[in-house]
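Peer 1: Quick one: the structure is below, and I'll ask about it shortly.
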Amino acid sequence: MPSELTVLPTQDLKPFKGVKKLTQEEYFTSGHRTCQGCESALVMKLMAKAAGPRTIILGSTGCMYVANTTYYSTAWVVPWMHTQLGASGSAAVGTAAGLKALMRKGRLPKEPINVIAFCGDGGGADMGLSSISAALTYPEYNFLILMYDNESYANTDIQLSSMTPYGANTTFSPPGKARRLLHTRWKKNVAGMLAAGHPECRYVATVDASYPLEMMNRVRKALSIGGPTFLHSLDPCPKGWDYDPMFSHELGELAVETGVWPLFEVEEHVLRFYGKSKAIAAGRKRLPVREYLLKQGRFAHFTDEDIAYFQRKIDEMWSRWLIPGVCAFDLAADIKKGLAKAEAEVQAAV
Ligand SMILES: Cc1ncc(C[n+]2csc(CCOP(=O)(O)OP(=O)(O)O)c2C)c(N)n1
Ligand code: SF4
Ligand SMILES: [Mg+2]
């Protein structure tokens, strides 16, 4: 990094060693109006708890704005600011830059303050992708962008986003007689895309609040490592996914155990799977996707053929991608041959 681009120190947030070692304090508490069983609200609670009191949180429009700050009530205990739907990236850079300038001018005491900007999948993967991408090119500012992905524009009544899974029933894709599946596009791989394309970004990970300790420790790592960082969380949404709220936790687990949602982190450009995805990458059997899909009303219209197609796509992701669940490329046959030849030569020389 050029010497004129000074970087402020970050907080050194060591991983929580177990649930018994968690702090008691909460920074996202009562007073919100999310649906019963809303996993995104849990993500907010865990994210704030992991970050601690010296934190500023910025949130783009969506359920986690509207339901958390209604009619002069709020669940946030730490300073919080709303930002426009596609602006989480710009808000993160602006806030981190503002803090840095105020500290340089002596108008704020010098101390590491966490900056977290969150967005939904509509705000992050669709509308705000360019602002997040731009934000991840600023190594001189410390902040985390967390995209909570409930797989729809939930706040405006479950319209489909580019993160809605193949075939799902949303208010924009109701199954009908003429066309049973109105939504036939495959979901984007945002964490993989951002990790691959932003060399200045030192930490990108996928998370799942059904594994709360692992999730909180990824938040702590992202905030401690410095520079711009990104987390993508998959959040079961009882209203949009159409299931009994008591199954949120189970669905979060099934997403991982079926291999639909791989848990990985890219730290300093080194990729690791973690949790159950680590075992899957090492050969553990995945549960059939049927067990995940048929627990949700949004897939109730699926035929066996639809489920088989979904399963095939997940199988391909684990068996044919260059890095399962992360990098959708395969290598051309001549490159594979060349690499195998080079490897054989190295082995022969050893
Ligand atoms: C520029 C803009 N377009 C449309 C809206 C209306 N709107 C408010 S919340 C929302 C849904 C956002 O979806 P997402 O980011 O996935 O968050 P979720 O509601 O699912 O939590 C929309 C479309 C808006 N606020 N601003
Ligand atoms: S619609 Fe979904 S994301 Fe929004 S508050 Fe309800 S459960 Fe949470
Ligand atoms: Mg959403």
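Every read-out reported here was derived from the displayed coordinates using simple, explicitly stated rules and does not represent laboratory data. Keep in mind it's a predicted model, so treat the numbers as computed, not measured. Here the Cβ positions follow ideal geometry from the backbone for every residue, glycine too, while neighbour counts run over all protein chains shown.
Peer 1: At 37 °C and 0.692 mPa s, what whole-number value in µm²/s does Stokes-Einstein give for the translational diffusion of region 1-159, with Rh from the Kirkwood sum over Cα pairs? The partial results should precede the final answer.
Peer 2: On the way: Rh = 16.5 Å.
The diffusion coefficient I find is 199 µm²/s.
Peer 1: Show the residues, 5+ positions off or on another chain, whose built amide H is closer than 5 Å to the amide H of Tyr27.
Peer 2: Amide H to amide H, under 5 Å and 5 or more residues apart or across chains, Tyr27 pairs with Lys49.
Peer 1: Go through 78-86, 102-110, 165-173, 300-308 and give me the packing order, highest mean Cβ count within 10 Å leading. Intermediate results must be reported in sequence, preceding the final value.
Peer 2: Values: 78-86: 17.0, 102-110: 10.9, 165-173: 20.2, 300-308: 13.7.
Per-residue Cβ counts within 10 Å, averaged per peptide and sorted highest first, yield 165-173, 78-86, 300-308, 102-110.
Peer 1: Please label the shape of region 181-227 as rounded, prolate or oblate, based on the square roots a ≥ b ≥ c of the eigenvalues of the alpha-carbon gyration tensor (a/c under 1.5 means rounded; beyond that, a/b larger than b/c means prolate, else oblate). Working shown, then result.
Peer 2: Details: a/c = 5.09, a/b = 1.43, b/c = 3.57.
Verdict is oblate for region 181-227.
Peer 1: Run the paramagnetic zone check for Thr29: 7 angstrom along Cα to Cβ, then residues of region 50-85 with backbone nitrogen under 20 Å.
Peer 2: Correct set: 50-58, 65, 67-81.
Peer 1: Could you please tell me the mean projected area of the C-alpha convex hull for region 236-350, averaged over all directions and given in square nanometres to one decimal? Don't jump to the answer; show the numbers that get you there.
Peer 2: Numbers: hull surface 39.4 nm².
Averaging across all directions leaves 9.8 nm² for the Cα convex hull.
Peer 1: Calculated FRET efficiency, Ser162 and Leu108, Cβ-Cβ r, R0 30 Å, to nearest 0.05?
Peer 2: Working: r = 39 Å, r/R0 = 1.28.
Once rounded, the FRET efficiency stands at 0.20.
Peer 1: Taking 30 Å as the cut-off for C-alpha to C-alpha distance, list the pairs among Lys49/Lys100; Lys45/Lys313; Lys177/Lys295; Lys188/Lys239; Lys187/Lys221; Lys100/Lys278 that go past it.
Peer 2: On the way: Lys49/Lys100 24 Å; Lys45/Lys313 33 Å; Lys177/Lys295 23 Å; Lys188/Lys239 22 Å; Lys187/Lys221 27 Å; Lys100/Lys278 38 Å.
Result: Lys45/Lys313; Lys100/Lys278 exceed 30 Å.
Peer 1: Continuing with the same structure: Take Tyr309 and Lys188, extend 7 Å from each Cα along the Cα→Cβ direction, and tell me the distance between the two endpoints in nm.
Peer 2: Roughly 2.2 nm, to one decimal.
Peer 1: Would you grab the residues whose amide H sits under 5 Å from the one on Gly59? Only those 5+ places off in sequence or on another chain, please, with H modelled 1.01 Å from N.
Peer 2: Met81, His82, Thr83, Phe118
Peer 1: Over region 287-350, what portion of Cα pair distances is larger than 17 Å, expressed as a whole percent? Display every interim value, and only then the final one.
Peer 2: Values: 1204 of 2016 pairs.
Percentage above 17 Å: 60.
Peer 1: Further question on the same structure: Can you list the residues, at least 5 places off or on another chain, whose amide H is less than 5 Å from the amide H of Trp261, using H built in the peptide plane?
Peer 2: Here Val256 satisfy the definition.
Peer 1: Cβ under 11 Å from Ile158's Cβ, Ile158 left aside: what net charge do those residues give with Lys, Arg +1 and Asp, Glu -1? Walk me through the numbers before you get to the answer.
Peer 2: On the way: positive: Lys239, Arg298; negative: Glu151, Asp157, Asp242.
Charge balance in the 11 Å sphere: -1.
Peer 1: Taking all pairs of distinct Cα atoms, average 1/r, flip it, and tell me the Kirkwood hydrodynamic radius of the chain in Å to one decimal place.
Peer 2: Working: mean 1/r = 0.0473 Å⁻¹.
Hydrodynamic radius (Kirkwood, Cα pairs) of the chain is 21.1 Å.
Peer 1: Going by a ≥ b ≥ c, the root eigenvalues of the Cα gyration tensor, does region 204-296 fall in the rounded group (a/c under 1.5), the prolate group (a/b larger than b/c) or the oblate group?
Peer 2: On the way: a/c = 2.72, a/b = 1.50, b/c = 1.82.
It comes out oblate by the Cα gyration axes.
Peer 1: Quote the FRET efficiency, to the nearest 0.05, computed for Thr74 versus Leu287 with a Förster distance R0 of 41 Å and r equal to the Cβ-Cβ distance.
Peer 2: It comes out at approximately 0.60.
Peer 1: Taking the alpha-carbon distance from Lys341 and a cut-off under 19 Å, which aspartates and glutamates remain once sequence neighbours fewer than 8 residues away in the same chain are dropped?
Peer 2: Cross-link targets: Asp330.
Peer 1: While we're looking at this one, here's another question. What percent do you get for the relative contact order of the chain when only Cα pairs under 8 Å and 6+ apart count? Please report the intermediate quantities before stating the final value.
Peer 2: Details: 676 pairs, mean separation 58.1, N = 350.
Result for the chain is 17 percent.
Peer 1: So, one more: Would you compute, from DSSP H runs of 4+ residues alone, the mean residue ellipticity of the chain at 222 nm, taking -39500 (n - 2.57) per run and dividing by the full residue count, rounded to the nearest 500?
Peer 2: On the way: 11 runs with 117 residues, N = 350.
Theoretical 222 nm ellipticity from helices: -10000 deg cm²/dmol.
Peer 1: Between region 203-236 and region 7-30, what's the alpha-carbon centroid distance in Å?
Peer 2: 12 Å
Peer 1: Fully extended, how many nm does the chain gain between Leu339 and Phe247 (0.36 nm per residue separation, minus their Cα-Cα distance)?
Peer 2: Numbers: separation 92, 0.36 × 92 = 33.12 nm, distance 4.61 nm.
Between Leu339 and Phe247, full extension yields 28.5 nm more.
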